[in-house]
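Please read the structure below before turning to the comments.
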Amino acid sequence: QVQLEESGGGLVQPGGSLRLSCAASGSIFGTTVMGWYRQSPGKQRELVASITSGGGPNYADSAKGRFTISRDNAKNTVYLQMDSLKPEDTAVYYCKLEVTIATTLWKYDYWGQGTQVTVSS
């Protein structure tokens, strides 16, 4: 069974920084994409950034130039460094692990429980 454990959320002033971490544990076989999504009240969950096992990042327009995603494959951990935070970045941030089985191309998605990020003065 795969589990994701997130950490690093909290309250920060506008212009500040936070670093989110998400560690995956359990039996993970196949290629993986790890990513961060966020959801604020009344809105749909949206992609913030994702990264492949080969290190190729993908960012939402709102994250480009301010957020940096990285991963440590040996630790099955993904990080999101968030700088120049704005009040509109306030949301619950969720970690997602997508596993693709090489032989069948079946995909499995796993989600973390979410961590609150609040940007306010």
Which residues make up the longest stretch of the chain clear of chymotrypsin sites (Phe, Trp or Tyr not before Pro) that lie in a DSSP loop with no more than 15 other Cβ atoms within 10 Å, not counting the sites?
30-105
Rule-of-thumb check for the stretch 27-82: C-alpha Rg over 2.2 N^0.38 Å?
1.20
Rough spin-label spacing in nm, given labels placed 7 Å along Cα→Cβ, for A102 and N73:
1.1 nm
Result: in the chain the number of Lys pairs with C-alpha under 26 Å apart, spaced 8 or more or on different chains, is 11
So which trypsin sites (Lys or Arg not before Pro) in the stretch 4-46 end up in coil per DSSP with only 13 or fewer other C-beta atoms within 10 Å?
K43
For the chain, set up a Gaussian network in which alpha carbons nearer than 10 Å are linked by springs, and say which option among A60, A102, A91 fluctuates the most.
A102
The extension gain from Q81 to S121, computed as 0.36 nm times the residue separation minus the Cα-Cα distance, is 12.4 nm
Taking all pairs of different Cα atoms in the chain, averaging 1/r and flipping that mean, what Kirkwood radius in angstroms comes out?
14.5 Å
Please report the carbon-and-sulfur percent of the accessible area for the stretch 1-54; probe 1.4 Å, protein heavy atoms only, DNA, RNA and ligands left out.
46 percent
Across L80, L105, L18, the residue with the highest GNM fluctuation in the chain (Cα network, 10 Å cutoff) is L105
Between N58 and Q113, what FRET efficiency follows from the Cβ-Cβ distance if R0 is 30 Å, with the result rounded to 0.05?
0.85
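The values are calculated or read from the model by the stated rules, or taken from the named source; none is laboratory data. Keep in mind that what you see is a predicted model, and the values were worked out from it rather than measured. Positions of Cβ are backbone-derived with ideal geometry, glycine not excepted, and every protein chain shown enters the neighbour counts. Just so you know, the surface numbers come from the protein's heavy atoms only, side chains and all, with ligands and any DNA or RNA stripped out. Shrake-Rupley method; radii C 1.70, N 1.55, O 1.52, S 1.80 Å.
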